[in-house]
Amino acid sequence: MAQIPFLGIKHHRKKRAAVQIPRKSFFWCTLLLVCFAAFTFSSRGFHPWRPAATTALPGVKPIVPVIETVQFPDETVVFLKYPPSTPLFTKYDLYCLYLNPNSSQPPESVENDELLGQQLVRCPLIKPRGVLTSLSVKSTGYNLSIGPSRRWNSLAYEAMIDRDNTTIVFVKGFNLRGGKQSDASKFKCVYGWDVKNPKFVLQSDVVSIAQEVVRCNTPVSILNNPQRFVGTTSNMNQPIKVSVRMVGKEPLESIARPKRRLQLNLPGQKQHEMCVCTMLRNQASFLKEWIMYHTRIGVQRWFIYDNNSLDDIDDVIKLLSMDGNINVTRHVWPWIKTQEAGFAHCALRARDVCEWVGFMDVDEFFHLPTGMSLLDILRNQSRSSNSKVAELRVSCHNFGPSGLKHVPTQGVTMGYNCRMIAPERHKSIVKPEALNSTLINVVHHFHLKSEFRYANMDRNVLVINHYKYQVWDVFKEKFYRRVATYVSDWQQHRNVGSRDRAPGLGTRAVEPPDWSSRFCEVTDTGLKDRVAQMFTDPNTGKLPWQKSLT
């Protein structure tokens, strides 16, 4: 592994004579510094770095580092980093300031990313050609400088150090083929506080690269201290970044800081038998039914990747988390057209605590016609003589609007009961320990290590009810933007015949006159009947999630 010298240190410099400081002066200087530090950083002392939004002091400028700024098609996301235990901003504490025209707008949202310890401020784009210049703290009028914006589609945006000490980098900009491994020898990984400056970087070999996931050999100096380069100048003493470049070309811009977030010493048995990963946008009104139902049939842990929601999803998740039987966390994932990468990222996180993980959407429900639970299925699989099965592929039945024109108040499982006859595609439950190191996936399933294989589930034992074509007001939201990298957006005039589109609908979000009766070939009330039996309150006749849908 080749390493490029960094930090500009020249070993032939002459040693300078040491400056002699009298012992008595040294003692008093040291005592003064210690007292100042104790006063400044005491939990009861003066905190000049606390945001003025919650601890405003007259004449005191808040010191809130703006880590990065990323430009998306319809918004700019500003990443803010705070010292630990610092009060955080809300969307009501800030203004987004623009140039051309000179104006201000409230942010669309301010998100707390607990996994990375930062906040994301989402500022809308304004026309004509409004350029975001800074964030203003309402209570004091102080402006937080945001610096230059990076483009979302040419960027190393996430990174983590894996158990084997390789760095996994999530990137956009190489436009590699879906489902295929690319030639790793054509790429290099780059580490440094400024990945564009060849004088101050470390370089390493790429182990594998596929789709938007790159695995790099991590330099020893980064493993010893993944948070910082120990430099000779103050501006270099900051968290490092990692990026990827094609041989002979410049690296991608980067906001990805490698950090070890994965366990090294794992317990003998995983904490959970069955977990679920999903990526969603503006699905808060459907989340309660989906999670409560699947919790009852065996899902023990939930990883929610929130892809730029503007509804009250955070409140719904907090409410669900108050139930002692529901373990759900939300991870802010602003990266658009990255579902495959997001699932790979989630698989790595879930691998430490989950024996099996299902990857599915909020409009997809596991249905077990025999009345078994998911845990029954998984335990039977574990007792099977063939221990090399590490993926269960579950067929999907696509349901239509079922004659409805309004969102069913009892929930999707009770409201939609008419579907197409033939199943279409599948979703998978996988053992994350068995995934190929490239983490290649096509949303519906992952690539496994060579010694493992998949098994198709009997539809009489386990099937997915995919409520794909709901009432028009719900379905039309799909026209906004698809989350999968290798799936065309609905309004793009390409791949019109793809199975990822509604048959015969075209590229315009215009409701067909017969929409409510489409995709109805056979009545199927199997899941509806089971849900009614499991969840109906005998006193009120209502289901526990109805209140959130009315």
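The values are calculated or read from the model by the stated rules, or taken from the named source; none is laboratory data. Predicted model only: the values in this text are computed from it and were never measured. Don't worry about glycine lacking a Cβ; one is built from the backbone with ideal geometry, like all the others, and counts go over all protein chains shown. The accessibility values were calculated without ligands, DNA or RNA, using every heavy atom of the protein model including side chains. Shrake-Rupley method; radii C 1.70, N 1.55, O 1.52, S 1.80 Å.
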## Note on the structure
Exactly one of 323, 306, 314 is over 17 Å from residue 375 (Cα atoms), surrounded by fewer than 16 Cβ atoms within 10 Å (Cβ to Cβ) and either among the acidic types (Asp, Glu) or not assigned by the TED database to the domain that holds residue 90 (or both), and that one is 323
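When you look at residue 266, is it surrounded by fewer than 21 Cβ atoms within 10 Å (Cβ to Cβ), modelled with pLDDT under 95, within 17 Å of the chain's Cα centre (by Cα) and in a loop (DSSP other than H, G, I, E, B), yes or no?
no
Could you identify the single residue in 201, 195, 206 that is at pLDDT 95 or above and either of a type in the set (D, E, K, R) or surrounded by 15 or more Cβ atoms within 10 Å (Cβ to Cβ) (or both)? It would help to see each step written out before you state the result.
On the way: 201 fails: at pLDDT 95 or above; 195 fails: at pLDDT 95 or above.
Criteria check complete, one pass: 206.
Please work out which residue is surrounded by the fewest Cβ atoms within 10 Å (Cβ to Cβ), limiting yourself to segment 384-415 and to residues that are aliphatic (A, V, I, L, M) and assigned to a helix (DSSP H, G or I). Working first, answer last.
Residues of segment 384-415 aliphatic (A, V, I, L, M): 389-390, 392, 394, 404, 407, 412, 414.
Then keep just the ones that are assigned to a helix (DSSP H, G or I); that gives 412, 414.
On the way: 412: 26, 414: 20.
Going through the qualifying residues, I end up with 414.
Answer yes or no as to whether residue 415 is free of Cβ contacts under 8 Å to residues at least 40 places away in the same chain and either within 25 Å of residue 535 (Cα to Cα) or touching a strand residue (DSSP E or B) at 6+ places or on another chain (Cβ under 8 Å) (or both). Spell out how you get there, then give the answer.
Numbers: free of Cβ contacts under 8 Å to residues at least 40 places away in the same chain: yes; either within 25 Å of residue 535 (Cα to Cα) or touching a strand residue (DSSP E or B) at 6+ places or on another chain (Cβ under 8 Å) (or both): yes.
Judged against the criteria, residue 415 is a match.
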### Message
Given the criteria at negative phi and crowded, with 19+ Cβ neighbours inside 10 Å, does residue 381 qualify?
### Response
no
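Please enumerate the residues belonging to segment 127-137 that are touching a strand residue (DSSP E or B) at 6+ places or on another chain (Cβ under 6 Å) and surrounded by fewer than 18 Cβ atoms within 10 Å (Cβ to Cβ).
Keep residues of segment 127-137 that are touching a strand residue (DSSP E or B) at 6+ places or on another chain (Cβ under 6 Å), which gives 130-136.
Those that are touching a strand residue (DSSP E or B) at 6+ places or on another chain (Cβ under 6 Å) and surrounded by fewer than 18 Cβ atoms within 10 Å (Cβ to Cβ): 131, 133, 136.
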### Task
Would you check if there is a residue in segment 482-501 being under 31 Å from the mean Cα position of the chain (by Cα) and at pLDDT 95 or above?
no
### Message
As an exercise: evaluate residue 222 against (1) open to solvent by less than 10 Å² (accessible area, probe 1.4 Å); (2) more than 26 Å from residue 444 (Cα to Cα); (3) touching an Asp or Glu at 6+ places or on another chain (Cβ under 9 Å) and give the number of the one condition it does not meet.
### Response
(3)
### Query
Are there any pairs, at least 6 apart or on different chains, whose C-beta atoms fall under 7 Å, with the first in segment 125-148 and over 18 Å from residue 64 (Cα atoms) and the second not in a strand (DSSP E or B), and if so, which?
125/74; 129/100; 130/100; 130/101; 131/100
### Enumeration of residues in segment 149-164 that are under 19 Å from residue 347 (Cβ atoms) and loosely packed, with under 14 Cβ neighbours inside 10 Å
164
### Within segment 269-290, considering residues that are open to solvent by 10 Å² or more (accessible area, probe 1.4 Å) and over 28 Å from residue 155 (Cα atoms), the one modelled with the lowest pLDDT
269
### Message
Can you go through 76, 90 and tell me which one is in contact with a strand residue (DSSP E or B) (Cβ under 7 Å, 6 or more places away or on another chain), polar (S, T, N, Q) and not in a loop (DSSP other than H, G, I, E, B)?
### Response
76
### Message
Just the residues that are open to solvent by less than 60 Å² (accessible area, probe 1.4 Å) and modelled with pLDDT of 95 or more, please, taken from segment 175-192.
### Response
182, 184, 187, 188, 189, 190, 191
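Filter segment 93-109 down to the residues that are assigned to a strand (DSSP E or B) and open to solvent by 30 Å² or more (accessible area, probe 1.4 Å), then identify the one that is nearest to residue 282 (Cα to Cα). Steps first, please.
Here is the first cut: in segment 93-109, the residues assigned to a strand (DSSP E or B) are 94-99, 103-105, 109.
Going one step further and asking which of them are open to solvent by 30 Å² or more (accessible area, probe 1.4 Å), we end up with 95, 97, 99, 103-105.
Details: 95: 23, 97: 26, 99: 30, 103: 28, 104: 26, 105: 22 Å.
Selected residue: 105.
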### Message
Take residue 403 and tell me if it is modelled with pLDDT of 95 or more, within 31 Å of the chain's Cα centre (by Cα) and closer than 30 Å to residue 511 by Cβ.
### Response
no
### Task
Collect the residues in segment 511-532 that are open to solvent by 80 Å² or more (accessible area, probe 1.4 Å) and either within 35 Å of the chain's Cα centre (by Cα) or more than 26 Å from residue 464 (Cα to Cα) (or both), keeping them in residue-number order.
511, 513, 529
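Quick test for you: out of 372, 360, 420, pick the one residue that is under 30 Å from residue 170 (Cβ atoms) and either in contact (Cβ under 8 Å) with a residue 12 or more places away in the chain or exposed (fewer than 15 other Cβ atoms within 10 Å of the Cβ) (or both).
Working: 372 fails: under 30 Å from residue 170 (Cβ atoms); 420 fails: under 30 Å from residue 170 (Cβ atoms).
Of 372, 360, 420, the one residue that is under 30 Å from residue 170 (Cβ atoms) and either in contact (Cβ under 8 Å) with a residue 12 or more places away in the chain or exposed (fewer than 15 other Cβ atoms within 10 Å of the Cβ) (or both) is 360.
Looking at segment 423-470 only, could you name the residues that are on the phi > 0 side of the Ramachandran plot, surrounded by fewer than 21 Cβ atoms within 10 Å (Cβ to Cβ) and under 19 Å from the mean Cα position of the chain (by Cα)? Even if it seems obvious, please write down each step before you answer.
Within segment 423-470, the first condition is being on the phi > 0 side of the Ramachandran plot, and the residues that meet it are 425, 439, 443.
Narrowing the set further to residues that are surrounded by fewer than 21 Cβ atoms within 10 Å (Cβ to Cβ) leaves 425.
Selection gives nothing.
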